[in-house]
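A short worksheet on the structure shown next.
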Amino acid sequence: MKTILQSLFFSVFILTFCTGTTSQPEPGFVPLFNSLDLDNWVNVNCAPETWTVRDSMIVCTGIPTGVLRTGKQYENYILELEWCHLKEGGNAGLFVHSDALTAPGKPFTRSIECQIMDGNHGDVFAIHGATLTPDNADPHKAWMRSYPRSERTKPVGEWNHYRVESRDGTLSLAVNGKIVTRAYHLNPRKGYICLESEGSEIHFRNIKIKELPGSNPPPELVAETDQGFKSLYNGLDLRGWKQVEGNKNHWQVKNWILDYDGKSTVDGEDKHLWTEKEYGNFILIVDWCQPDEPVVEEIPVILPDGSQAQNEKGKPVTVAVLDAGDSGIYLRGTSKCQINIWNWPVGSGEIWGYRTDNQMPPEVRRAATPILNADNKPGSWNRFIITAVNDQITVNLNGKTVIDKAVLPGVPIKGPIALQHHGDHIQFANIYIKEL
């Protein structure tokens, strides 16, 4: 009996020596990751193989750049997880208080990031429109970034532990058992929790959370919620899109950006990139950018009724603008229902096939003409939110309605969506759809 007790004591001693504690697990925590699958997690904008589960770990390949988020929003809580880089200089992150979808022109969400980078861990900073007051900032930089006060990371191949405490807009980050970073006045202060994919393989495990009483923050302090959008572009390949031989090497997957050089060798309409699936009623989000240096071009002036302005001699009026090219988005399988992307003074978002059709009633042509120009400058990212319900189309560009419930006679009730070939260099990103 004595021998057994001595052995038991020795085992407890060894356990205490290796772990540093014999205390019971802190009560109130529940798993955020069940160690079996990604149930209750949402792959926002990555390929299916980017995020997998193996040996009770979430395994992230790091390719493409993007995020995996929780299915639920959280405000006040204690969050714990472990992470392990497999490559020197590896990069990743933990996002808190995140929006459901990625920010315009970005592969990441508006959120607060807790940096997980080999050799630079523990920073806490606001990204893509979020804000905070840093506790330990660099006074020479305007970035809202709080730096860790001590270095506690373990080398590549070893597990590191993060403990994040979020309380009414204040956040603290403990690395391997000690608080190293704090931040205040977080906005948003309620949102999703995300794991970041950013170029290199990383493993996560033992993800758990203890929710604390909430403060019921006002809407302006709450992240945007999940509206049911699904990604149409995975950042790894063109699954879900029709690929023809002449389009290859012209429609190029460049991580989270889909880049088209405008030089497809296919004859006919197949130069456009079409979805394999047909869509009827939907809300479509598409970010786009004209990346090339603009040149001065004389461009027609389009009046609010859809007609082209003429001078006193009856000749078309043109004005000089910086022009970076032309493209668009086809809806319902037809080029007639084209949402234009260009640098005309009237602005992007017009429905070309209906505005220019003289057989259409005046009210149709007027409705297909943008109410205002909401374009960002060439070289900047823009976001379309296009709503198609029966024969009505609404186009929101950069937060402003430019086409308001335009009725399009004869528009098909269903069809594929296309990114248009127009011979010019164009980039797309963050393509999401919600079927209605």
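Let me spell it out: the conditions are (1) over 25 Å from residue 435 (Cβ atoms); (2) of a type in the set (A, V, I, L, M, F, W, C); (3) within 27 Å of the chain's Cα centre (by Cα), and residue 319 meets all of them except one. Which number is the exception?
Every condition holds for residue 319 apart from (3).
Among what's in the range 175-186 and is farther than 20 Å from residue 138 by Cα and in a strand (DSSP E or B), pick the residue that is nearest to the chain's Cα centre (by Cα).
My answer is 175.
Within the range 142-157, is even one residue closer than 30 Å to residue 429 by Cβ, assigned to a loop (DSSP other than H, G, I, E, B) and of a type in the set (D, E, K, R)?
No, the range 142-157 contains no residue that is closer than 30 Å to residue 429 by Cβ, assigned to a loop (DSSP other than H, G, I, E, B) and of a type in the set (D, E, K, R).
Kindly evaluate residue 306 against the criterion of being farther than 30 Å from residue 70 by Cα, assigned to a loop (DSSP other than H, G, I, E, B) and at pLDDT 95 or above. Please lay out each step first, then the result.
Working: farther than 30 Å from residue 70 by Cα: yes; assigned to a loop (DSSP other than H, G, I, E, B): yes; at pLDDT 95 or above: yes.
Spelling it out, residue 306 is indeed farther than 30 Å from residue 70 by Cα, assigned to a loop (DSSP other than H, G, I, E, B) and at pLDDT 95 or above.
Starting from residues that are surrounded by fewer than 17 Cβ atoms within 10 Å (Cβ to Cβ) and without any contact (Cβ under 8 Å) to a residue 60 or more places away in the chain, keep the ones in the range 39-52 and report whichever is nearest to residue 228 (Cα to Cα).
Restricting to residues being surrounded by fewer than 17 Cβ atoms within 10 Å (Cβ to Cβ) and without any contact (Cβ under 8 Å) to a residue 60 or more places away in the chain, the top hit is 40.
List pairs: first residue in the range 337-352 and more than 16 Å from residue 380 (Cα to Cα), second residue among the hydroxyl-bearing types (Ser, Thr, Tyr) anywhere in the structure, Cβ distance under 7 angstrom, at least six positions apart or on different chains.
These pairs meet every condition: 337/330; 338/330; 340/348; 346/369; 350/369.
Look at the range 102-153 and say how many of its residues are closer than 25 Å to residue 287 by Cβ, of a type in the set (Gly, Ala, Ser) and buried (at least 19 other Cβ atoms within 10 Å of the Cβ).
So the answer is 5.
Show me the strands (runs of 3 or more DSSP E) entirely contained within the range 371-415 in which 1 or more residues are within 26 Å of the chain's Cα centre (by Cα), under 17 Å from residue 306 (Cα atoms) and without any contact (Cβ under 8 Å) to a residue 60 or more places away in the chain.
Counting at least 1 such residues, we get 392-397, 400-407.
When you check residue 218 against the structure, is it surrounded by fewer than 17 Cβ atoms within 10 Å (Cβ to Cβ), out of contact with any Pro (no Cβ under 7 Å at 6 or more places or on another chain), more than 14 Å from residue 82 (Cα to Cα) and modelled with pLDDT of 95 or more, yes or no? Break it down stepwise before answering.
Numbers: surrounded by fewer than 17 Cβ atoms within 10 Å (Cβ to Cβ): yes; out of contact with any Pro (no Cβ under 7 Å at 6 or more places or on another chain): yes; more than 14 Å from residue 82 (Cα to Cα): yes; modelled with pLDDT of 95 or more: yes.
In short, yes.
The values are calculated or read from the model by the stated rules, or taken from the named source; none is laboratory data. The shown structure was predicted, so the numbers you read here are calculated from the model rather than taken from an experiment. Ideal geometry is used to build each Cβ from the backbone, glycine not excepted, and the neighbour counts take in all protein chains shown.
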